[in-house]
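The values are calculated or read from the model by the stated rules, or taken from the named source; none is laboratory data. Predicted, not measured: the structure shown is a model, and the values here were computed from it. Virtual Cβ from ideal backbone geometry, glycine too; neighbours counted across all protein chains shown. Please note that ligands, DNA and RNA were not included when accessible areas were found on the heavy atoms of the full protein model with its side chains. Shrake-Rupley method; radii C 1.70, N 1.55, O 1.52, S 1.80 Å.
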Amino acid sequence: MLPLIPNPRARRLFLNRHALIEAPVGPATGPAVQALVERIGFVQVDSINTVARAHEMILWSRRQSFRAPVLKRLLERDRALWEHWTHDASILPVGLHGVWQHRFARDEERLHQNWRRWFREGYEAQFDSILDRIARDGPVGTADVGEGEVRGKGGWWDWHPSKTALEWLWRTGRLAITRRDGFAKIYDLTERVIPETHRAPVPAEAVIDWACRSALARLGFGTSGEIAAYWNAIGPEAAKAWCRAALGRGEIVEAEVEGALGQRRRVVLFPATLEETPPDPSARLRILSPFDPALRDRDRADFLFGFHYRIEVFVPEPKRTYGYYVFPVLEGDRLVGRIDVKAFRDAGALRVKAFWPEAGVRLTKVRQGKLEAELSRLAVFAGCDRVDYLAGWERETLARPGG
């Protein structure tokens, strides 16, 4: 019989690895933020700014003294972090550039297969001229290239050829993001952005071992599919093969983990994890980004926390269950609700439109006090001086889809 990890312990093991078990206090200096990113692995970048951009809010929810200029310095001056792709655009420790180089070759093959079908012709002819221009004249953004090219208005699939070329050269490692102007990416030659000590490639077999070990260390426990998906750096078959070999060597073991509804799932983990006693969670209530690394795997969040979450940005407004951009709410080791809140900086107000508690959760006086305290802290972070609660913001629990 396999050992069983009860659900409360499983949640705490997982949250502890994502720096969400302790109170969100402590230093948020450059070294502290760099260490935090290395601990959780990556921070997803997203352009939506209803309260703050995702990468900034992910860090704030763990260190509430964090402010955006610290991250900008780590990326653009110190070169301790860099931007590339995991499952989506993300900020990563610069030390991962060596293992990421296998992705450049993999992505080049995939992009050739797909982008020729998706995008307008002509972008491949721009590669050499763009690289030569950057080498000669310095960094560029999409607004600096494509003179005379027809600029599409249809969305990401209708980029002008030079913009497509810039993205292709970034995804395949020829270029790196040297800075952002506002949110616009500015590209330079990789050798001018990534320090030389981090540009040595790592052999393919070492990449697989790194990807699996480092993912499992940050998950605490997982299936081979969850391990492969963490970085999205290797395929599921490679993760399955690694798990089989590591089990045979006794480096990992199998167990069952209990889900929020009592269901069980077979997982692998390092033997020491079975003996680990995670710390008690902070009683603080905190508001998370929809793109928080702890919630990236929506199915895992559903299994562990009973929290069914789907972002509704691309859902037509009449068909939305909750709202355009609704934030999960974590209290201790439970996801207790979701909140529709937006910063109106011109008016100096953070406006709360709605809070929906999860099933079995009541907005007691104590919990409401903690929520209001967190919203006050979020208002300061968002550059607002007050919180406005719109009429009817306290909502009833909604049934799960299909429930």
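Conditions (1) at pLDDT below 95; (2) of a type in the set (Lys, Arg); (3) open to solvent by less than 70 Å² (accessible area, probe 1.4 Å), marked per residue:
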{"position": "Ala143", "(1), (2), (3)": "yes, no, no"}
{"position": "Glu167", "(1), (2), (3)": "yes, no, yes"}
{"position": "Arg171", "(1), (2), (3)": "yes, yes, yes"}
{"position": "Arg192", "(1), (2), (3)": "no, yes, no"}
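Given the options Arg320, Arg266, Arg298, name the one that is in contact (Cβ under 8 Å) with a residue 40 or more places away in the chain and basic (Lys, Arg).
Numbers: Arg320 fails: in contact (Cβ under 8 Å) with a residue 40 or more places away in the chain; Arg298 fails: in contact (Cβ under 8 Å) with a residue 40 or more places away in the chain.
Only one candidate passes the filter, namely Arg266.
Specify which of the listed residues (Leu59, Leu20) is crowded, with 20+ Cβ neighbours inside 10 Å, under 21 Å from Leu288 (Cα atoms) and under 13 Å from the mean Cα position of the chain (by Cα).
Selected residue: Leu59, the only one of Leu59, Leu20 that is crowded, with 20+ Cβ neighbours inside 10 Å, under 21 Å from Leu288 (Cα atoms) and under 13 Å from the mean Cα position of the chain (by Cα).
Return the pairs, sorted by first residue and then second, in which the second residue is in a loop (DSSP other than H, G, I, E, B) and open to solvent by 40 Å² or more (accessible area, probe 1.4 Å), the first residue lies in segment 216-243 and is within 18 Å of Ala204 (Cβ to Cβ), the beta carbons are less than 6 Å apart, and the residues are 6+ apart or on different chains.
Asn232/His87
Just give me the residues in segment 367-385 being outside any helix (DSSP H, G or I) and either out of contact with any Leu (no Cβ under 7 Å at 6 or more places or on another chain) or under 12 Å from Gln64 (Cα atoms) (or both), in sequence order.
Hits for segment 367-385 are Ala382, Gly383, Asp385.
Could you look through segment 88-105, keep only residues that are open to solvent by 40 Å² or more (accessible area, probe 1.4 Å) and out of contact with any strand residue (DSSP E or B) (no Cβ under 8 Å at 6 or more places or on another chain), and pick out the one that is farthest from Phe42 (Cα to Cα)? Write out each step before concluding.
Let us first name the residues in segment 88-105 that are open to solvent by 40 Å² or more (accessible area, probe 1.4 Å), namely 88, 95, 101-102, 105.
With the extra rule that they be out of contact with any strand residue (DSSP E or B) (no Cβ under 8 Å at 6 or more places or on another chain), the set shrinks to 95, 101-102, 105.
Numbers: Gly95: 12, Gln101: 17, His102: 18, Ala105: 21 Å.
The extreme case among them is Ala105.
To keep it simple, each residue is scored yes or no on (1) buried (at least 17 other Cβ atoms within 10 Å of the Cβ); (2) modelled with pLDDT of 95 or more.
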position	(1), (2)
Phe314	no, no
Glu317	no, no
Leu335	yes, yes
Phe344	no, yes
Ala347	no, yes
Arg351	yes, yes
Thr364	no, yes
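List the residue pairs whose Cβ atoms are under 8 Å apart, where the first residue sits in segment 348-361 and is over 16 Å from Val336 (Cβ atoms), the second is in a strand (DSSP E or B) and open to solvent by less than 30 Å² (accessible area, probe 1.4 Å), and the two are 6 or more positions apart or on different chains.
Ala349/Ala343; Leu350/Val341; Leu350/Ala343; Arg351/Val341; Arg351/Ala343; Lys353/Asp340; Lys353/Val341
Run Ala184 past the list (1) within 30 Å of Glu258 (Cβ to Cβ); (2) under 20 Å from the mean Cα position of the chain (by Cα) and report the number of the one that doesn't hold.
Among (1) within 30 Å of Glu258 (Cβ to Cβ); (2) under 20 Å from the mean Cα position of the chain (by Cα), Ala184 violates only (1).
Being in a helix (DSSP H, G or I) and of a type in the set (A, V, I, L, M, F, W, C) is the filter; apply it to segment 222-234 and report the residue that is most open to solvent (accessible area, probe 1.4 Å).
Step one: list which residues in segment 222-234 are in a helix (DSSP H, G or I), which gives 224-231.
Add one more test, that the residue is of a type in the set (A, V, I, L, M, F, W, C), and what stays is 227-229, 231.
Numbers: Ile227: 3, Ala228: 7, Ala229: 36, Trp231: 4 Å².
The residue in question is Ala229.
Restricting attention to segment 23-45, which residues are surrounded by 18 or more Cβ atoms within 10 Å (Cβ to Cβ) and either within 19 Å of Arg79 (Cβ to Cβ) or of a type in the set (A, V, I, L, M, F, W, C) (or both)? Break it down into steps so the answer makes sense when it comes.
Of segment 23-45, the ones surrounded by 18 or more Cβ atoms within 10 Å (Cβ to Cβ) are 24, 28, 33-34, 36-37, 40-45.
Scanning segment 23-45 gives Ala28, Val33, Gln34, Leu36, Val37, Ile40, Gly41, Phe42, Val43, Val45.
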